[in-house]
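Read through the structure below, which is laid out as structure tokens, and then see the notes.
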Amino acid sequence: MELLHELLPAARTIALFVNPGNPNAHVYVLETRAAADALGLHVEVLTVGTEGDLEPAFRIIVQQRADALLVIADPFFIAWRKQITALAARCATPAIYPIRYFADVGGLISYGADDNELNQQMWTYVGRILQGTKPADLPIQQSTRVVLLINVKTAKDLGLTISPSLLARADEVLE
């Protein structure tokens, strides 16, 4: 939320995509609203759980004049990332996404867990399981590093100027 606020200081309404089938959806909404409240922003929650929900959700974003979109981490959104980023571009909606896969296909900004670290953890688990460790005996691990990617081509297409301080904090800038 802070990244969107820094990118778009005049923004007042942020659309939030939430998959109603995600058991953590309510937590994402509460946390996002708390972050938005701290910045004086309004969150418009849009439930998107099927492919058929995508275009209507973007119509609502345009109708409600939401200034930006925040997409939470969810397998559905990751699977439909190409369509989501294409619709965001078509509607000229700046958006921030949870993982780099979105920025790789044209998304404006991604901010989330380091894929390399997650893959390393996954393969370590696979190795331990193949050596006989029961999955239930493995500790729960979480990424300790987040990565900020900025797609400057998308920013240019949206007519946005990325501040030098935001670019300097980026782990990667996609041209």
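The numbers here are math on the coordinates, done by the rules we state, and not lab data. These numbers come from a predicted model, not from an experiment. Glycine also receives a Cβ, built like all others from the backbone with ideal geometry; neighbour counts cover every protein chain displayed.
Considering only residues that are in contact with a Ser or Thr (Cβ under 8 Å, 6 or more places away or on another chain) and under 16 Å from Val152 (Cα atoms), which ones fall in region 86-103? If the condition is that a residue be in contact with a Ser or Thr (Cβ under 8 Å, 6 or more places away or on another chain) and under 16 Å from Val152 (Cα atoms), then Ala89, Ala95, Ile96, Tyr97, Arg100, Tyr101, Phe102, Ala103 are the ones that fit.
With a cut-off of at least 2 residues that are surrounded by fewer than 18 Cβ atoms within 10 Å (Cβ to Cβ) and either of a type in the set (A, V, I, L, M, F, W, C) or touching a residue at least 24 places away in the same chain (Cβ under 8 Å) (or both), name the helices (runs of 4 or more DSSP H) lying wholly within region 56-127.
Where helices (runs of 4 or more DSSP H) fall fully within region 56-127 and carry at least 2 residues being surrounded by fewer than 18 Cβ atoms within 10 Å (Cβ to Cβ) and either of a type in the set (A, V, I, L, M, F, W, C) or touching a residue at least 24 places away in the same chain (Cβ under 8 Å) (or both), they are 75-79, 81-90.
Selection over region 128-152 of residues that are of a type outside the set (Val, Ile, Thr), surrounded by 12 or more Cβ atoms within 10 Å (Cβ to Cβ) and part of a helix (DSSP H, G or I) gives a count of 1. Considering only residues of region 39-55 that are touching a residue at least 24 places away in the same chain (Cβ under 8 Å) and in a helix (DSSP H, G or I), which is surrounded by the most Cβ atoms within 10 Å (Cβ to Cβ)? In this case the residue turns out to be Leu54.
In region 7-23, of all residues being outside any strand (DSSP E or B) and in contact with a helix residue (DSSP H, G or I) (Cβ under 7 Å, 6 or more places away or on another chain), the one that is surrounded by the fewest Cβ atoms within 10 Å (Cβ to Cβ) corresponds to Ala11.
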